[in-house]
Amino acid sequence: MAYVYDPQNIFAKILRGEIPNKTVLETEHSLAFHDIGPQAPVHVLVIPKGPYVTYDHFAAEASDAEIVDFTRAVNQVCELVGVRPGDGLGGYRLISNAGEAGVQEVPHLHVHVMGGRVLGRMVSKP
């Protein structure tokens, strides 16, 4: 599959410093920042610095170093914002939307780390 990355998406602009963000963590290959429209008391986005559209694109084409860094960045974010089970806020939800049917709004891989309250069911039955 050919993935088409749009270098003008909002996350690419954040990575270039064209749009400010409230950084939680920055590593060699990843950036984590607070969502500007939080849907939970804790709502942090974690993005790779590379031009990846979706998680499957990232998993197929990212280097081992990028994959390890991104995965560990998610762990560090959970620790920093106190949502790991047993850390006080009781847990978190990790979401990554992909494509039109997945309701992906920004064509740059990102995961939402959400917590701070009971979030309810992820998907309701039809």
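The values are calculated or read from the model by the stated rules, or taken from the named source; none is laboratory data. No experiment lies behind these values; they were computed from the predicted model shown. Reconstructed Cβ throughout: ideal geometry from the backbone, glycine too, with neighbour counts over all protein chains shown.
For the range 47-104, give me the residue count where each residue is surrounded by fewer than 16 Cβ atoms within 10 Å (Cβ to Cβ), of a type in the set (S, T, N, Q) and part of a loop (DSSP other than H, G, I, E, B). Looking only at that region, the number is 2. Scan the range 29-44 for residues that are in contact with a helix residue (DSSP H, G or I) (Cβ under 8 Å, 6 or more places away or on another chain) and in a strand (DSSP E or B) and jot them down. Passing the criteria: 30, 31, 32, 33, 42, 44. Checked against the criteria, residue 44 does not count as modelled with pLDDT under 95, of a type outside the set (Ser, Thr, Tyr) and closer than 18 Å to residue 97 by Cβ. Of all residue pairs spaced 6 or more apart or on separate chains, those with beta-carbon atoms under 7 Å, a first member in the range 1-21 that is closer than 13 Å to residue 50 by Cβ and a second member that is in a helix (DSSP H, G or I) are 3/57.
Conditions tested, residue by residue: (1) under 25 Å from residue 28 (Cβ atoms); (2) in contact (Cβ under 8 Å) with a residue 24 or more places away in the chain; (3) out of contact with any Leu (no Cβ under 9 Å at 6 or more places or on another chain).
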{"site": "42", "(1), (2), (3)": "yes, yes, no"}
{"site": "49", "(1), (2), (3)": "yes, yes, no"}
{"site": "53", "(1), (2), (3)": "yes, yes, no"}
{"site": "93", "(1), (2), (3)": "no, yes, no"}
{"site": "105", "(1), (2), (3)": "no, no, yes"}
{"site": "110", "(1), (2), (3)": "yes, yes, no"}
